[in-house]
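The structure appears below as structure tokens.
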Amino acid sequence: MTEAKEKSTLHVKDHDVVVPGEVLAEGMEYLPSQGTYRKEDKIYANQTGLLILEGKVLKTIPLASVYLPKKYDVIIGKVIDILMTGWRLDTNSPYSAVLPLKDATFDYIKKGTDLTAYFNLDEYVVCKIFQVTSQNLVDVSMKGPGLRKLQGGRIIKVNAAKVPRLIGKRGSMVMMIKSATDIQLIVGQNGLVWLNGEPEKEMLAIEAIRKIEREAHVPGLTERMKKWLEQKTGKKIEIQEMPEEESYDHRPSRYNGPRRDGPRHGGQHEPRRDGRPRRNSPFRGSRR
Amino acid sequence: MAYKKRHDGRKPTETRTITAKAGIIPKADGSGYFKIGNTEAFAAVYGPHELHPRNKQNPKQGLLRCTYNMMPFSGQGNRVRPGPSRRSKEISMVMEKALTPVADLSECPNAVVDVFVELPQTDAGSRCAAISAASIAMADAGIRMRDMVAAVAVGMVDGLAVVDLDYEEEAWKEGDVADIPVAMIPSTDEITLLQMDGRLSKEELAKALEQSLPTFQQIAEAQRNAIKQRYADAAKSIKE
Amino acid sequence: MDNALKEHINQALQKGIRLDGRKLDEFRPVTIETGTLSTAEGSAHITCGATDVMVGIKFELGTPYSDRPDEGALMVNAELRPMSNPKFELGPPKIDSIEASRVIDRSIRESKTIDEKSLCLKVGEKVWKVNVDVCPLNHDGNLIDIGGLGAIAALKTARFPKLVDDQPDYHQLTKDGLKLSCIPIPVTVVKIGKNFLIDPTWDEMSVADARLTVTSLEDGKLCAMQKGGDAPLTIEEIDSMVDLAVKTAKELRKKLK
């Protein structure tokens, strides 16, 4: 056992750019995780990404990827079809989403209403994914804070893998760009970004966004962007986090993974397999 | 052995000069470039995206679709008429077979990853250059793949086992020629493309394949460096 | 057409700038490299901003057209293939690619820069056919201008293959090339709202109301025109657009020196 440990070697450093098929480590001491896999005694990368070394665990953060719809993501979708029961949206992924009538607005929509009055073809909306089936059928909703149709402005695309860096820790990167350029800015998890403001300010914001995309893998990005924005605007920029009201992180506060469809606890537990009744259960009876 | 020295002075296991790049087609989701001697291939990946028609969709995993195309001025002789030919369709298909084994498209069922390869000039080994460029493009696009695929044409020219035949060697009139395009997964030595034109014995085939093994590692390193260089360039431009 | 994008581009144009920061009469930086392809008798690799195009010249021996037995032929083909832009599909050439081919073709042909009679080897029997193929690697707008400029650069540096037993040996190029008597340069001017722009990007082309491609020569003479887009143009507008095109062509011509 100790012999195997002695033979373990790491071929890469933390924050190295790694590519598929690259040998990251040899020996049994290291463990593969997201973006890496083990074959015999070697660990390889299986996606182009930034290597993150967490103790003995090797994982990668992808540097490029196509967006795949995920539950709870807030995305910017484009209306591509008007259905009987709602609208179909392009999500900038291989899977289109459906916005059902009942989830479009808090208003009551009468049957037979012209749906284009609400959302028309080629219009963009900020919406939240509330369901993704195993066959990747996607349902979205617009009932929620900050979810709305986008008027004016323009849309650009960024690589979905760069979205976390573009948003920053608790929205700090997005806030920095907004305060430096005084424009409205919404970043969809699916890589679509909406900007609205003075043309020169918008161009500066886009330059900033492209810079973040290009340099996402080089450490010290936040400081660099702060200096760059200060230099370009002559304003003093502070790194601050996004206020709760503007945050798009609508995940339930105790997020324990994808919500399984089933009764919430407040109902009865299933009886024990052997039929004995449950006693001393905190969930006995209904919640008050 | 009538062909003792290669006509351009290369050693039998020496390839022509290789240049590999990534990210050179901004409109694409990922792109790669592979040049070996005067054979040059540009590859662009779009996807995964929606696949039409519906009946081609695979509900278990995404599909990989390759299109190989020679630009009209890329042939060694006459102009190549634009449009798909039987040859280009066959090459597109063997490219798919060469690249599919490494790709993991299980997370995008019903979708398709399109790989387009265009060649502005060719001097033999074009399908191999196409596969090498396509691998770079796929990795550049962030496609999940356990390794990139390296490809080169190996063979025999008048009794001499060689690696990376050029057009002159392929067309050698003074003796038997065997042209064997091979694609290999470098981390496992598994072969995903194998074709042959010519005449040679089983022993000669074994020798040709055996001596070419280090070449696939060489190509794989060039492919990996192409992607790393793309990111290193961005880091370098910050320091300046 | 993306109305939001169009609104946006218009707003920026009111302030005299475009979404990439250029002025309305500013061309993106152009780079031209010739003779880069070993398999073509003439070639040019031309970039203009993000638009990246390969142009290749192939000479073929063929029989002349029956109504012009003492003339060779020029053929231009521009392919819009899906590698260069996600909006293109595989299949036979669509109208965009046909239009681009024919406009670049007429730009060269109507300037009479190539003396087609000089391509004749034997009257009625054997002539040179000059094939110009324009292949974009990355298409971010303005293919006609960039393809046209690349075509001239490639034609200027093309060399005839040696004739061996009356057949061209493409592995041996002679020192003889095409003598171009003038340099025609196509320039496309687009109209967005009330503004005229040159060198449109892909986005700008997608929201243009109308466009006018004007091919001009060194002395300012026009040799080919093509109007595109759904909106009509007044005579005054055409006048302004022609002036802008001729002025721009003079600048672009310097890149070929």
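What follows is calculated from the coordinates using simple rules that are stated; it is not laboratory data. Because the structure is predicted, anything quoted here is derived from the model rather than measured. Reconstructed Cβ throughout: ideal geometry from the backbone, glycine too, with neighbour counts over all protein chains shown.
So if I place +1 on the C-beta of Lys and Arg and -1 on the C-beta of Asp and Glu, and nothing else carries charge, what would the dipole magnitude of the range B:1-133 be about its Cα centre? I want it in debye, nearest 20. Before the final figure, lay out each step's value.
On the way: 20 positive and 12 negative charges, 132 e Å.
It comes to approximately 640 debye.
Roughly how many Å is it from the Cα centre of the range B:181-240 to that of the range B:1-54, as a whole number?
10
From the residues C:L80, C:Q11, C:L90, which one has its Cα farthest along the dipole of the range C:3-256 in the positive direction, the dipole being from +1 and -1 charges on Cβ of Lys/Arg and Asp/Glu about the Cα centre?
C:Q11
Pairs A:K42/A:K157; C:K227/C:K247; A:K70/A:K157; A:K149/A:K232; A:K226/B:K236; A:K211/B:K35: which are spaced more than 26 Å apart, C-alpha to C-alpha? Working shown, then result.
Details: A:K42/A:K157 37 Å; C:K227/C:K247 18 Å; A:K70/A:K157 18 Å; A:K149/A:K232 31 Å; A:K226/B:K236 19 Å; A:K211/B:K35 29 Å.
Where the Cα-Cα span goes over 26 Å, the pairs concerned are A:K42/A:K157; A:K149/A:K232; A:K211/B:K35.
For C:D243, C:D203, what's the fewest-to-most ordering of other Cβ within 10 Å of each Cβ?
Ascending number of Cβ neighbours within 10 Å: C:D243, C:D203.
Compute the distance from the alpha-carbon center of the range C:125-195 to that of the range C:202-250, in whole Å.
22
For chain B, what is the calculated [θ] at 222 nm in deg cm²/dmol (nearest 500), taking -39500 (n - 2.57) for each run of four or more DSSP H residues and dividing by its residue count? Please list the in-between numbers first.
Details: 4 runs with 71 residues, N = 240.
After summing the helix terms and dividing by residue count, I get -10000 deg cm²/dmol.
Of B:R65, B:R199, B:R224, which has the largest mean-square fluctuation in a 10 Å C-alpha GNM of chain B?
In the Gaussian network model the winner is B:R199.
Pick out which of B:M138, B:M95, B:M196 has the largest mean-square fluctuation in a Gaussian network model of chain B, springs linking Cα atoms closer than 10 Å.
Of B:M138, B:M95, B:M196, the most mobile in the Gaussian network model is B:M196.
I'd like to know which of C:I185, C:C135, C:T201 lies farthest towards the positive end of the charge dipole of the range C:125-257, counting +1 on Cβ of Lys and Arg and -1 on Cβ of Asp and Glu.
C:I185
Among the listed pairs A:K7/A:K56; A:K71/B:K60; B:K97/C:K94; A:K169/B:K27, which have their C-alpha atoms separated by more than 18 angstrom in this model? Let's see the in-between values first.
Numbers: A:K7/A:K56 14 Å; A:K71/B:K60 20 Å; B:K97/C:K94 30 Å; A:K169/B:K27 29 Å.
Too far apart for the 18 Å limit: A:K71/B:K60; B:K97/C:K94; A:K169/B:K27.
Can you tell me how the protein assembly as shown classifies by the Cα gyration tensor, rounded, prolate or oblate, using a/c under 1.5 as the rounded cut? Don't skip to the end; give the middle numbers.
Working: a/c = 2.08, a/b = 1.26, b/c = 1.65.
Oblate shape, in that a/c is at least 1.5 and b/c is the bigger or equal ratio.
Using a Gaussian network for chain C with springs between C-alpha atoms less than 10 Å apart, which of these wobbles most: C:S107, C:S216, C:S240?
In this elastic network of chain C, the residue with the biggest mean-square fluctuation among C:S107, C:S216, C:S240 is C:S240.
Hey, what's the Kirkwood Rh for the range B:18-239 if you take every pair of different alpha carbons, in angstrom?
Values: mean 1/r = 0.0560 Å⁻¹.
Its Kirkwood hydrodynamic radius stands at 17.9 Å.
As a check on your grasp of the helix formula, calculate [θ] at 222 nm for chain C: sum -39500 (n - 2.57) over DSSP H runs of n ≥ 4, divide by the residue count, round to the nearest 500. Intermediate results must be reported in sequence, preceding the final value.
On the way: 5 runs with 66 residues, N = 257.
When only DSSP H runs of four or more count, the value is -8000 deg cm²/dmol.
Determine the sum of side-chain charges near B:D104: Lys and Arg each +1, Asp and Glu each -1, restricted to other residues whose C-beta is under 10 angstrom from that of B:D104. Mind showing how you got there, number by number?
Numbers: positive: B:R144, B:R146; negative: B:E107.
In short, +1.
Could you point to the residue in A:W87, A:V12, A:Q34 farthest towards the positive end of the range A:1-99's charge dipole, with +1 and -1 charges on the Cβ of Lys/Arg and Asp/Glu respectively?
Towards the positive end, the residue furthest out is A:W87.
Once a ≥ b ≥ c are taken as the square roots of the eigenvalues of the Cα gyration tensor of the range A:74-150, is the result rounded (a/c under 1.5), prolate (a/b larger than b/c) or oblate (a/b not larger than b/c)?
On the way: a/c = 1.45, a/b = 1.37, b/c = 1.06.
Here the range A:74-150 falls in the rounded category.
Enter the Cα centre distance for the pair the range C:61-84 and the range B:128-166, rounded to the nearest angstrom.
A separation of 35 Å, based on Cα centres.
Nearest 20 debye, what's the magnitude of the dipole of the range A:158-223 about its Cα centre given +1 on Lys and Arg Cβ and -1 on Asp and Glu Cβ? Show your work: numbers first, answer last.
Details: 9 positive and 8 negative charges, 68 e Å.
I would put it at about 320 debye.
Students often forget the sequence filter, so: which lysines lie under 21 Å Cα-Cα from B:K173 once same-chain residues fewer than 8 apart are removed?
Cα-Cα hits under 21 Å: B:K4, B:K5, B:K11.
Charges only on Cβ, +1 for Lys and Arg, -1 for Asp and Glu: so what's the dipole of chain C about the Cα centre, in debye to the nearest 20?
Numbers: 35 positive and 40 negative charges, 114 e Å.
My answer is approximately 540 debye.
Read phi for every residue in the range B:54-60 and hand back ³J(HN,Hα) as whole Hz from Karplus 6.51 cos²θ - 1.76 cosθ + 1.60, θ = phi - 60°, with x for Gly and Pro.
3J(HN,Hα) across the range B:54-60, in whole Hz: 3, 6, 8, 5, 10, x, 8.
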